[in-house]
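In what follows, a single structure is set out as structure tokens and then discussed.
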Amino acid sequence: GDALYALKKVLDDPNDDLSSWDNGLVDPSTWFHITWNDTTQGVERVDLGDCGLAGPLVPQLGNLDKLKYLEMYNNMINGSIPNELGNLANLVSLDLYNNNLNGSIPQELGNLTSLVFIRLNNNKLSGRVPDALTTLPNLQVV
């Protein structure tokens with residue numbers, strides 16, 4: 001829960017979508033917009049699409065080692081994509097489209113060998129798509 005609480009602290013949340021994110025709880029299994037996997041004892045999905053959130057992504061998201069789906073599309077997320085997201089070895093889907101992200105796409109995302117879907121369109125990203133990202137074995141949608 002620490003990584004998610006760090007995210008909550010930096011985001012403007014006008015619709016109170018993150019109101020259940022209480023760092024006093026041992027695990028985030030009861031938090032809204034989170035899917036908890038009892039078997040792996042980890043966060044499997046963060047589903048914050050269309051929530052009106054504004055602010056940056058935090059590097060601590062890279063600590064969610066069980067995460068399969070990071071869905072934060074159609075918000076006002078700004079700043080750069082943290083290199084640490086490249087640590088999410090189990091990530092299947094990264095949906096960050098329709099935000100205000102800027103900077104380049106981190107080379108580290110090329111480490112995400114489980115990745116099937118990555119959607120980063122309609123942001124303010126610059127530079128080239130890293131070569132390592134184009135050779136991911138399971139990638140279907142870019």
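Coordinate-derived values only; no laboratory data. Because the structure is predicted, anything quoted here is derived from the model rather than measured. Cβ sites come from the backbone with ideal geometry, for glycine too, and all protein chains shown count toward neighbours.
For LYS68, give me every one of the lysines with a C-alpha distance below 17 angstrom, ignoring sequence neighbours fewer than eight places off in its own chain.
The reachable lysines, counting only those whose Cα sits under 17 Å from LYS68, number zero.
Using a simple charge model, +1 on the beta-carbon of Lys and Arg, -1 on the beta-carbon of Asp and Glu, nothing else, what dipole does the range 2-134 show about its Cα centre, in debye to the nearest 20?
I would put it at about 440 debye.
Place +1 on the Cβ of every Lys and Arg and -1 on the Cβ of every Asp and Glu in the range 2-134, take the dipole about the Cα centre, and give the residue among ASN74, PRO56, ASN102 whose Cα lies farthest towards its positive end.
Of the options given, the answer is ASN102.
How are the alpha carbon pair distances in the range 2-134 distributed across 10 Å bins from zero to the largest one, expressed in percent?
13, 47, 33, 7, 0
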